[in-house]
Each structure stands twice: as structure tokens, then as C-alpha cells.
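Q: Sharing a structure, written as C-alpha cells. Questions coming.
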Amino acid sequence: MGSPRRAAVLGSPIEHSLSPVLHGAAYRELGLGDWVFERVLCTAEELPGFVDGLGPEWAGLAVTMPGKRAALAYATERTRVAELVGAANTLVPRASGGWLADCTDVEGVVGSLAAAGGVEAGGRAVVLGAGGTATAALTALEALKIPSATIVVRDPARAGEALSCAGRVGVEVDVLRWDDVDFAAVCGGADLVVSTVPVGAVEPVAGDIVRAGCVFDVIYHPWPTPLAQAASDRGTRVVTGLDMLLHQAFAQVRWFTGLEAPREAMRAALRQATGTELSLPV
């Protein structure tokens, strides 16, 4: 279908990215067997120069850390979602010149939760951490119709980006210091907890966190995480970062190819690549 095209995921480090698995499976299923998707080691500082040098054969770029804010700044056109998040994980060349930035991480959060049974509109969320994934989760709360959230961080002074994001989205938030939190009380009253922090930080309080209605643990290696294990033991619904990766890639494939993503083929490829170690809701 058409001429051969190229796409890639940019980041540093990049060698463990599963994006080539997902995009490769999609292109094959769509009959785009001559399309190529690769990993490119690229820092935030290197991103503008790299993209400047790309030719017309490029269909799009997935961007992972640390280049998501650089991708948003580079773009000549931005989706509303990317502007709300304050970062972009997707760059798409425009026929008129320049690049469009989107953040499909938000679709990854919303799609994953919907596939796992959804969350109650009008409820309350808890977001652990205040980095890039946390801002995507906060932006997703708008689509999920969750009007308020508690952000829990080690240092509230470093929650500025998350607070700005919440303000743009219209989600009412309060910020709590990690060491001062009664996790059983805060999470027990929540419909959803999104954890974006390292395994070691969560492990001592995992049993309290999983008192929430649903737990979204963006960490998926090594599996099961202490949070996922505690949720399983308690019978709490768990959504994983692998689910998020899958769902955000559906949107990227649509951006790059103009075609609907072949979800089953991409899901099967991801399961095979990860040794079927995770239960993917969809």
C-alpha cells in the first residue's frame, strides 16, 4: 500500500522499548510489510536536530523519556491533549510542513481503564508521583469524569507541573507529602489509584494502597510488582503499564498510517514478547 515508510521511537535509554513489537505487528497486519519501525537513541537535546534531518519517507515518531517536553516544544502544531498534558509522545509530519504533537498516553490510560471495566464517574482519584506519566493520568481524569484527585509526592515543591496540568484540565487537586500520608485512609476512599512511582517506594504501603476500587500500576517489570501482588491478594482490579503501552500505540498507529489499529494482532504480539506474563484486559 503506497511507498515504503519509516517510523521510530526516540528515547534514552531505548534498547528495551516494546514499541517496535507493537508497530511492527500492526504494519504487517495492515499489509504495510515494507514499512520499518526502529529504535533511535536520542536525548531531549538531540531531538530537534534529529527531526530536522528526516526526509519525506517518515510517517511519524513515538517519543519516550526524556524527550516528551522537547517534542511538544519542537512541534508547529499541537493537539489539545498534548497542550493539557504539557508533553508529547507522538510527532506526525504534516503535508503542509512542520510536525504535529499529540500525547496518546492519555488515550492509553482511558482505554486501559475502560477495558478493565471502567471507573465510576464523579469519583475521586489518587495519583502517586508528579512526573510525566502523572500529568497524563491527571489529563485522563477529564475524560473519565473524575473531578478531583489527591497527588502524593515526596516533595510537594516539585509538584508544579502536575498542579499546572490539573488546573488546565479543571481537576481539583490537593497535594500531600508522602511521609505524612495515611495510605489506608487516602486510598481506601478512592475509586482509582494511579501509581507512577518506583517499586521500592510503594512496597511498604502496597497493602494500604490496594484498598482503592481500582489500581493502575504503570510499572510492569519485574512482574508482578508488589502493588500488583497485593491487589491480586485482596481482589482489587489492576491495570498495568503494559495495558497503557498497548492502548497508546493504537492511537499512534492511527496517526502514522491513517488506518485503524489491528488491536488483536498488536495484543498478541505484546503477549508473545512479554512471555504472556501479564493479563491484558483487552
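Q: Please specify each residue of the stretch 43-52 satisfying the condition of being surrounded by 21 or more Cβ atoms within 10 Å (Cβ to Cβ) and free of Cβ contacts under 8 Å to residues at least 24 places away in the same chain.
A: The answer is none; no residue qualifies.
Q: Right, here's the next one. Answer yes if at least one residue in the stretch 217-236 is under 14 Å from ALA115 (Cβ atoms), modelled with pLDDT of 95 or more, open to solvent by less than 30 Å² (accessible area, probe 1.4 Å) and in contact with a strand residue (DSSP E or B) (Cβ under 7 Å, 6 or more places away or on another chain), and no otherwise.
A: no
Q: Going through GLY24, GLY55 one at a time, which residue ends up being surrounded by fewer than 23 Cβ atoms within 10 Å (Cβ to Cβ) and part of a loop (DSSP other than H, G, I, E, B)?
A: GLY55
Q: Among the listed residues HIS221, HIS247, which satisfies the condition of being closer than 30 Å to ALA59 by Cβ and assigned by the TED database to the domain that holds ARG124?
A: Checking each option against the conditions leaves just HIS221.
Q: Name, by its number, the condition in (1) farther than 20 Å from PHE250 by Cβ; (2) at pLDDT 95 or above; (3) open to solvent by less than 30 Å² (accessible area, probe 1.4 Å) that does not hold for ARG154.
A: (3)
Q: With the condition being in contact with a Leu (Cβ under 6 Å, 6 or more places away or on another chain) and without any contact (Cβ under 8 Å) to a residue 24 or more places away in the chain, I'd like the strands (runs of 3 or more DSSP E) fully within the stretch 170-275 carrying at least 3 qualifying residues. First the steps, then the outcome.
A: On the way: elements: 172-177, 192-195, 214-217, 237-240.
Filter on the stretch 170-275 gives an empty set.
Q: Filter the stretch 58-110 down to the residues that are open to solvent by less than 20 Å² (accessible area, probe 1.4 Å), under 16 Å from VAL40 (Cβ atoms) and among the hydroxyl-bearing types (Ser, Thr, Tyr) and list them by number.
A: Across the stretch 58-110, the qualifying residue is only THR90.
Q: For the stretch 170-187, name all the residues that are open to solvent by less than 40 Å² (accessible area, probe 1.4 Å) and farther than 18 Å from ARG154 by Cα.
A: VAL171
Q: Right, another one. Only one of these conditions is not met by LEU245: (1) within 18 Å of GLY118 (Cα to Cα); (2) surrounded by fewer than 19 Cβ atoms within 10 Å (Cβ to Cβ); (3) at pLDDT 95 or above. Which number is it?
A: Of the numbered conditions (1) within 18 Å of GLY118 (Cα to Cα); (2) surrounded by fewer than 19 Cβ atoms within 10 Å (Cβ to Cβ); (3) at pLDDT 95 or above, the odd one out for LEU245 is (2).
Q: Please go through (1) out of contact with any strand residue (DSSP E or B) (no Cβ under 9 Å at 6 or more places or on another chain); (2) of a type in the set (S, T, N, Q); (3) more than 17 Å from VAL173 (Cα to Cα) for THR139 and return the number of the only condition it doesn't satisfy.
A: Among (1) out of contact with any strand residue (DSSP E or B) (no Cβ under 9 Å at 6 or more places or on another chain); (2) of a type in the set (S, T, N, Q); (3) more than 17 Å from VAL173 (Cα to Cα), THR139 violates only (3).
Q: What single numbered condition from (1) under 24 Å from ILE209 (Cβ atoms); (2) over 18 Å from the mean Cα position of the chain (by Cα); (3) open to solvent by 20 Å² or more (accessible area, probe 1.4 Å) fails to hold for ALA273?
A: With respect to (1) under 24 Å from ILE209 (Cβ atoms); (2) over 18 Å from the mean Cα position of the chain (by Cα); (3) open to solvent by 20 Å² or more (accessible area, probe 1.4 Å), ALA273 is out only on (1).
The values are calculated or read from the model by the stated rules, or taken from the named source; none is laboratory data. Not measured: the values here are computed from a predicted model. Virtual Cβ from ideal backbone geometry, glycine too; neighbours counted across all protein chains shown. The accessibility values were calculated without ligands, DNA or RNA, using every heavy atom of the protein model including side chains. Shrake-Rupley method; radii C 1.70, N 1.55, O 1.52, S 1.80 Å.
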